[in-house]
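Working notes, beginning with the structure itself.
The values are calculated or read from the model by the stated rules, or taken from the named source; none is laboratory data. Model, not experiment: these values are computed from the prediction. Here the Cβ positions follow ideal geometry from the backbone for every residue, glycine too, while neighbour counts run over all protein chains shown.
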Amino acid sequence: MTETRSTCPYCGVGCGVVIESTGDQITGMRGDPDHPANFGRLCTKGSTLHLTATAAITRQTRLLQPMQRLQRGQPPQPVAWDTALDLAAGKFAQVVRDHGPDAVAFYISGQLLTEDYYVFNKLAKGLIGTNNVDTNSRLCMSSAVAGYKRTLGADAPPACYDDLNHAQCLFIAGSNTAWAHPILFRRIEDARAANPRMKVIVVDPRRTDTAGTADLHLAIQPGTDVMLFNGMLHIMLLEGWTQRQYIHEHTNGFDELKATLRDCTPDRVAEVCGIGREELFTAARWFANSGATLSLYCQGLNQSSAGTDKNAALINLHLATAQIGQPGMGPFSLTGQPNAMGGREVGGMANLLSGHRDLANAAHRAEVAALWGVADVPSKPGKTAVDMFQAAADGEIKALWIACTNPAQSLPDQALVRRALERAELVIVQEAFSTTATCDYADLLLPATTWGEKIGTVTNSERRISRVRPAVAAPGETRHDWSIAVDFARRLEALMPARGAAASLFPYPDAESIWNEHRESTRGRDLDITGLSYAMLDEKGPQQWPLREGEATGQARLYADGVFPTADGRARFADTPYRGVAEPRDARYPFALTTGRLRDHWHGMSRTGTLGRLFGHVAEPAVQLHAQAMARLQLKDGDLVHLTSRRGSIMLPAQTSTEVAPTQAFVAMHWGEEYLSGVSTSGKRLGGINAVTNPAYCPVSKQPELKHTAVKILKA
Ligand code: SF4
């Protein structure tokens with residue numbers, strides 16, 4: 001039996017695992033006792049990874065050879081790798097020749113490793129000359145990115161997991177940590193046990209398991225977070241609980257914000273948020289006066305049409321109370337996916353460039369072009385997730401490459417997504433699993449390796465880079481994601497003008513050589529990792545960035561000196577006037593639908609859905625409704641209902657829940673069309689909760705408002 005140290009591929013906690021294998025079989029696993037994210041612990045998802053790996057093979061859900069669909073709607077046929085990649089390169093080159101580089105697009109994933117991400121980004125922006133490369137991280141963390149950059153000057157979470165051990169107050173907003181980041185929640189439980197005086201405030205419209213453990217649960221109306229945070233700051237100002245000297249010495253913009261805060265009186269905030277004045281005062285007092293407040297936040301803030309404002313308004317609270325940069329304090333976004341952080345680091349989004357550079361910055365574009373050895377990086381912003389699929393549906397994007405993600409389930413407004421996939425002239429899906437809904441639309445299916453087989457690195461929520469290592473050989477004809485992208489890129493280089501490059505842009509023999517190039521792109525940047533190497537990660541274990549050349553370790557916390565990565569070194573208060581949700585409830589659509597995770601499933605279930613025991617916690621989809629709503633609709637548990645929005649309708653059982661308010665409804669995000677059938681308003685067959693969700697997005701982060709849709713519910 002062989003033991004291999006690697007990282008869990010599910011969430012952004014980034015737990016270390018030890019994989020046991022014999023030959024080509026993964027036979028067991030356990031938590032890595034030496035990994036600083038989890039110290040040996042694993043949640044239900046992580047601890048069953050070896051079983052899902054085996055189940056995927058035995059249940060034949062893996063994609064093991066390249067396939068070509070000669071006619072849409074027909075089953076795909078096996079094809080040789082060379083044929084598939086020649087065909088892909090030929091078609092991409094033809095589309096670029098006939099319609100320009102912005103007629104092609106790449107939609108990739110926070111599940112990809114940093115090395116995979118780097119190659120895709122360089123392929124699109126360096127070789128082809130389009131910024132049309134975006135990722136499902138747009139659905140996950142783009143509001144957090146925009147919130148950090150707007151206030152602190154860089155996309156860098158300043159806190160770390162160890163801060164739990166020093167905090168006196170935890171402010172958890174829009175996160176069901178107990179289910180979505182279970183091992184982090186175990187650390188919260190440990191910290192509370194060690195420090196019974198610690199206060200925990202949870203802000204969530206639902207009474208989740210996390211909210212149920214709070215000292216104070218603020219069950220706000222959906223989407224009113226900015227009003228709450230502004231109201232707390234209003235009270236802090238009124239009571240003299242802000243840190244005037246810190247504000248004066250280390251920040252800009254507080255006077256402008258004060259004008260907005262003036263209207264956020266306790267009475268108005270209590271009314272808009274649907275909470276009591278006393279609760280509001282208590283939250284403000286605990287936050288400001290605890291001595292060390294640490295905020296943990298996730299999709300409840302991010303997946304919103306005001307996502308950037310929500311993030312920034314919360315960071316405003318930390319700046320105003322000088323609670324940042326020291327042990328136990330600071331804003332700390334919890335990353336949804338395992339490598340949304342790594343993707344951001346290499347600039348794998350439509351508005352970013354390598355090394356936390358900005359596409360909109362001409363000097364940054366020139367730096368990246370010089371690093372890559374190309375004439376330029378185009379300045380035209382690329383299409384972000386929702387807009388990318390809209391452009392494909394409009395016929396503007398003609399060739400779409402999708403890697404390691406399932407937009408035909410996970411993007412909002414599925415009717416639009418399906419139109420896009422049908423209209424595109426070429427859809428390539430690079431996947432480990434053959435069962436995702438998106439595979440049904442692929443002209444070419446390219447089989448990729450997955451957890452237990454892959455090699456590279458990921459970065460978790462606390463800026464910690466961990467190695468991902470293969471325990472078994474790649475099964476069938478699968479190849480690593482970076483290797484597929486490199487092979488395709490080299491073929492494309494032979495067909496397309498070189499854009500100033502003297503030699504191949506993709507000279508990589510292995511994952512490490514890609515990572516080394518990425519490392520060089522971080523030199524002098526906020527995330528500088530020029531002191532790090534694969535060898536150091538192997539020898540010393542996971543490391544946090546920044547870790548500059550000559551340094552022995554990374555930095556646990558950022559901004560301890562009160563100096564921020566802005567032009568003048570000062571943080572910026574963001575002016576955050578309150579805006580309501582994009583689609584408020586009304587007489588026709590009287591329920592506020594929110595979506596979220598279950599404890600034991602991950603995303604579209606392509607991996608967790610292969611294992612029966614992971615259905616033990618929740619066996620089937622249901623819409624959770626308050627008892628009053630059930631009575632009003634004359635429903636009993638298990639009755640089927642039509643849940644309908646302005647975009648589509650799904651049918652599922654109703655279930656009484658004490659977690660939601662009488663005007664709210666909750667449906668888990670994981671169930672695809674095999675579990676949850678639905679239909680669009682035009683009569684097209686769809687499935688999953690995203691048949692009904694709203695594609696409206698935050699104007700800054702472009703992250704869609706998956707947490708709120710106005711719906712009606714009628715007995716079927
Ligand atoms: Fe994996 Fe997240 Fe569970 Fe850790 S908490 S074992 S990273 S799913």
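So how many residues does the stretch 241-272 have that are hydroxyl-bearing (Ser, Thr, Tyr) and free of Cβ contacts under 8 Å to residues at least 40 places away in the same chain?
1
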TODO: Return yes or no: is Gly73 in the same structural domain as Leu492 (by TED's automatic domain parsing), of a type in the set (Gly, Ala, Ser) and at pLDDT below 95?
DONE: yes
Task: helices (runs of 4 or more DSSP H) wholly inside the stretch 199-251 that include at least 2 residues being under 21 Å from Arg579 (Cα atoms) - done: 225-239
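Just to be sure, is Gln25 on the phi > 0 side of the Ramachandran plot and away from the ligand (no atom under 11 Å from the Cβ)? If you could, list the steps in order and put the result at the bottom.
Details: on the phi > 0 side of the Ramachandran plot: no; away from the ligand (no atom under 11 Å from the Cβ): yes.
When the stated conditions are applied, Gln25 does not pass them.
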Task: Yes/no for Thr83 being without any contact (Cβ under 8 Å) to a residue 60 or more places away in the chain, outside any loop (DSSP other than H, G, I, E, B), more than 14 Å from the ligand (Cβ to nearest atom) and within 30 Å of the chain's Cα centre (by Cα) - done: no
Task: Filtered residue count, the stretch 451-488, keeping only those that are β-branched (Val, Ile, Thr), surrounded by 22 or more Cβ atoms within 10 Å (Cβ to Cβ) and under 30 Å from Ala556 (Cα atoms) - done: 5
Task: Qualifying positions in the stretch 495-509 - under 21 Å from Asp116 (Cα atoms) and either part of a helix (DSSP H, G or I) or without any contact (Cβ under 8 Å) to a residue 12 or more places away in the chain (or both) - done: Pro507, Pro509
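The rows are residues; the columns are (1) under 18 Å from the mean Cα position of the chain (by Cα); (2) closer than 16 Å to Val203 by Cβ; (3) surrounded by 24 or more Cβ atoms within 10 Å (Cβ to Cβ).
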| residue | (1), (2), (3) |
| --- | --- |
| Gly147 | yes, yes, yes |
| Leu152 | no, no, yes |
| Asp163 | no, no, no |
| His166 | no, no, no |
| Leu170 | no, yes, yes |
| Gly174 | yes, yes, yes |
| Ala178 | yes, yes, no |
| Arg186 | no, no, no |
| Asp190 | no, no, no |
Task: Residue in the stretch 28-50 that is nearest to the ligand (Cβ to nearest atom), counting only those that are surrounded by fewer than 18 Cβ atoms within 10 Å (Cβ to Cβ) and touching a residue at least 40 places away in the same chain (Cβ under 8 Å) - done: Thr44
Task: Residue tally, condition within 11 Å of the ligand (Cβ to nearest atom) and in contact (Cβ under 8 Å) with a residue 40 or more places away in the chain, over the stretch 7-22 - done: 10
Open item on the list: I need the full set of residues from the stretch 271-301 which are closer than 15 Å to His708 by Cβ and touching a Lys or Arg at 6+ places or on another chain (Cβ under 8 Å), in order please.
Closed with: Gln299, Gly300, Leu301
Open item on the list: I'd like the residue in the stretch 51-78 that is in contact with a Leu (Cβ under 8 Å, 6 or more places away or on another chain) and away from the ligand (no atom under 16 Å from the Cβ) and, out of all such residues, is nearest to Gly395 (Cα to Cα).
Closed with: Arg69
Task: Among (1) over 29 Å from Thr335 (Cα atoms); (2) in contact with a His (Cβ under 7 Å, 6 or more places away or on another chain); (3) small (Gly, Ala, Ser), the one test that Gly28 misses - done: (1)
- [ ] Go through the stretch 584-610 and give me each residue that's crowded, with 20+ Cβ neighbours inside 10 Å, away from the ligand (no atom under 16 Å from the Cβ) and either without any contact (Cβ under 8 Å) to a residue 24 or more places away in the chain or in a loop (DSSP other than H, G, I, E, B) (or both).
- [x] Arg585
Task: Scan of the stretch 376-408 for residues that are free of Cβ contacts under 8 Å to residues at least 40 places away in the same chain and either touching a Gly at 6+ places or on another chain (Cβ under 9 Å) or under 15 Å from Cys439 (Cα atoms) (or both), ordered by number - done: Ala408
- [ ] Among what's in the stretch 252-285 and is part of a helix (DSSP H, G or I) and of a type in the set (S, T, N, Q), pick the residue that is surrounded by the most Cβ atoms within 10 Å (Cβ to Cβ).
- [x] Thr260
- [ ] Specify the residue that is nearest to Thr530 (Cα to Cα); the eligible residues are those in the stretch 547-565 that are among the acidic types (Asp, Glu) and surrounded by fewer than 15 Cβ atoms within 10 Å (Cβ to Cβ).
- [x] Glu549
